[in-house]
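Engineer: Sharing a structure, written as C-alpha cells. Questions coming.
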C-alpha cells in the first residue's frame with residue numbers, strides 16, 4: 001500500500017513537501033500599494049520587474065534557498081503569471097497567498113453600505129472569497145483564475161484588531177479549516193488575543209503562524225513563548241530589520257536560542273519580510289538570502305546545532321505549508 005506524500009500548493013501546482021528545501025515563509029515579490037499603478041509618476045515595467053526579481057531569487061537559490069512564500073495576499077501587487085515565469089526561470093518554488101488586511105487597506109467594497117453605519121462583510125463571505133482562491137485558483141483580475149493559493153495571510157490593524165479585521169480573520173480561519181492550507185496572522189497590538197480569535201474557530205494551533213513576533217512589544221509581553229506553548233508557529237520575520245519597533249538581530253538570535261532551550265524548536269519560523277520590487281512605497285530591499293548568509297551564523301554562535309537550524313529553516317515550514 002503506497003503512502004501519499006504531503007504536498008504544498010505552489011504557483012506551478014502541487015509539489016511534494018520534501019522538495020521545498022530551505023523556505024522563507026514571509027516575503028513579498030511584487031508589492032504595489034493599491035492604486036499606485038494608476039499614479040502618473042509610477043511606472044511598472046514588467047520586463048524590468050521580472051529581471052530584478054529573477055536576480056534576487058537566483059541569489060537566494062545560490063545560497064541554498066529552495067522556496068519563497070509571497071505572503072502579501074490578494075491586493076498588493078500579486079501577479080500569478082509573473083510568479084509562474086519566475087519559478088520556471090530560477091528553479092525556486094514560489095508559494096502565493098490569498099487573504100488581505102488590515103481594515104484600512106480593504107476599501108469600501110468589503111463593507112455593506114446598505115446598513116447605517118456600514119458593517120463589515122460577515123466572516124462567511126470572507127471565507128468564501130479566500131476558499132475559492134484555494135479550490136478554484138487565484139484571481140487574475142478581469143481575466144481568469146490560475147493556481148491554488150498555498151497560504152491564507154491576514155493582517156490586523158496595528159492599533160488593535162477591529163471588527164472588520166476580526167471578521168476577515170475568522171473567515172480566513174474557516175478557509176484554512178476547510179481547505180487544509182495554513183493561516184498566517186500578522187497581529188495588531190495583542191498577539192495572544194489575535195491567536196485566540198483564530199483558535200475560537202476550532203482551527204488547530206499547528207495550522208497557524210503568528211507573524212511579527214520579533215516586534216519589541218510582543219517580546220516584552222512574553223508573546224513568543226506563549227504562542228509556542230499554545231502550539232502555533234512563532235514567526236520572527238523581520239530578520240535584518242533593526243529599528244525602534246523591532247529587535248536587533250543579536251536579540252533575535254538570543255530569542256531563538258531561548259525558544260529552542262524551552263523545547264519549542266519545532267515552532268520557530270524565520271524570514272526577512274523583504275520586498276523584491278516595491279511600487280508606491282519604499283519597501284524593504286533586504287536580499288532573500290539574508291537569513292542564510294548573515295543570520296544563520298548568529299544562531300550557530302548561540303550554540304544551536306546544524307540539526308536545530310535545519311529544523312527551523314526546512315522542517316518547520318515544510319510542516320506548516322503541507323496541505324492537511
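Engineer: Return the only residue of 163, 156 being touching a helix residue (DSSP H, G or I) at 6+ places or on another chain (Cβ under 6 Å) and either touching a residue at least 24 places away in the same chain (Cβ under 8 Å) or within 25 Å of residue 80 (Cα to Cα) (or both).
Structural biologist: Values: 163 fails: touching a helix residue (DSSP H, G or I) at 6+ places or on another chain (Cβ under 6 Å).
Result: 156 is the single residue among 163, 156 that is touching a helix residue (DSSP H, G or I) at 6+ places or on another chain (Cβ under 6 Å) and either touching a residue at least 24 places away in the same chain (Cβ under 8 Å) or within 25 Å of residue 80 (Cα to Cα) (or both).
Engineer: What tally of residues in the range 213-242 results from selecting those that are in contact with a helix residue (DSSP H, G or I) (Cβ under 7 Å, 6 or more places away or on another chain) and in a loop (DSSP other than H, G, I, E, B)?
Structural biologist: 8
Engineer: What's the number of the condition residue 283 fails, among (1) over 30 Å from residue 75 (Cβ atoms); (2) touching a strand residue (DSSP E or B) at 6+ places or on another chain (Cβ under 6 Å); (3) surrounded by fewer than 22 Cβ atoms within 10 Å (Cβ to Cβ)?
Structural biologist: Against the list (1) over 30 Å from residue 75 (Cβ atoms); (2) touching a strand residue (DSSP E or B) at 6+ places or on another chain (Cβ under 6 Å); (3) surrounded by fewer than 22 Cβ atoms within 10 Å (Cβ to Cβ), residue 283 comes up short only on (1).
Engineer: Then there's this: So residue 272 passes all but one of these: (1) surrounded by 18 or more Cβ atoms within 10 Å (Cβ to Cβ); (2) at pLDDT 95 or above; (3) more than 19 Å from residue 66 (Cβ to Cβ). Which condition number does it fail?
Structural biologist: (3)
Engineer: Which of the residues that make up the range 126-150 are in contact with a helix residue (DSSP H, G or I) (Cβ under 7 Å, 6 or more places away or on another chain) and either under 22 Å from residue 197 (Cα atoms) or surrounded by 17 or more Cβ atoms within 10 Å (Cβ to Cβ) (or both)?
Structural biologist: Of all residues in the range 126-150, those in contact with a helix residue (DSSP H, G or I) (Cβ under 7 Å, 6 or more places away or on another chain) come to 126-127, 130-131, 134-135, 138-140, 146-150.
Of everything in the range 126-150, those that are in contact with a helix residue (DSSP H, G or I) (Cβ under 7 Å, 6 or more places away or on another chain) and either under 22 Å from residue 197 (Cα atoms) or surrounded by 17 or more Cβ atoms within 10 Å (Cβ to Cβ) (or both) turn out to be 126, 127, 130, 131, 134, 138, 139, 147, 148, 149, 150.
Engineer: Further question: Spot the failing condition for residue 275; the list is (1) in contact with a helix residue (DSSP H, G or I) (Cβ under 9 Å, 6 or more places away or on another chain); (2) within 25 Å of residue 182 (Cα to Cα), and only one is missed.
Structural biologist: Going through (1) in contact with a helix residue (DSSP H, G or I) (Cβ under 9 Å, 6 or more places away or on another chain); (2) within 25 Å of residue 182 (Cα to Cα) one by one, residue 275 breaks only (1).
Engineer: Any idea which of 296, 319 is out of contact with any strand residue (DSSP E or B) (no Cβ under 6 Å at 6 or more places or on another chain), within 25 Å of residue 9 (Cβ to Cβ) and assigned to a helix (DSSP H, G or I)?
Structural biologist: Of the residues listed, the single one that is out of contact with any strand residue (DSSP E or B) (no Cβ under 6 Å at 6 or more places or on another chain), within 25 Å of residue 9 (Cβ to Cβ) and assigned to a helix (DSSP H, G or I) is 319.
Engineer: Give me the pairs: first residue in the range 54-78 and farther than 26 Å from residue 101 by Cβ, second residue modelled with pLDDT under 90 and buried (at least 23 other Cβ atoms within 10 Å of the Cβ), beta-carbon distance under 9 Å, and six or more apart or on different chains, which are they?
Structural biologist: Pairs found: none.
Engineer: What is the residue count in the range 99-118 for residues that are at pLDDT below 85, in contact with a helix residue (DSSP H, G or I) (Cβ under 8 Å, 6 or more places away or on another chain) and outside any helix (DSSP H, G or I)?
Structural biologist: 3
Engineer: Here's something else I'd like to know. If I go through the range 248-283 residue by residue, how many of them are over 16 Å from residue 302 (Cα atoms) and without any contact (Cβ under 8 Å) to a residue 40 or more places away in the chain?
Structural biologist: Number satisfying all stated conditions: 1.
Engineer: Can you give me the number of residues within the range 139-162 that are closer than 26 Å to residue 232 by Cα and in contact with a strand residue (DSSP E or B) (Cβ under 6 Å, 6 or more places away or on another chain)?
Structural biologist: Adding up the residues that qualify gives 8.
Engineer: Name the residue that is nearest to residue 312 (Cα to Cα), counting only residues in the range 271-283 that are assigned to a loop (DSSP other than H, G, I, E, B) and within 15 Å of the chain's Cα centre (by Cα).
Structural biologist: 271
The values are calculated or read from the model by the stated rules, or taken from the named source; none is laboratory data. Just so it is clear, the model here is predicted, and its values are computed rather than measured. Positions of Cβ are backbone-derived with ideal geometry, glycine not excepted, and every protein chain shown enters the neighbour counts.
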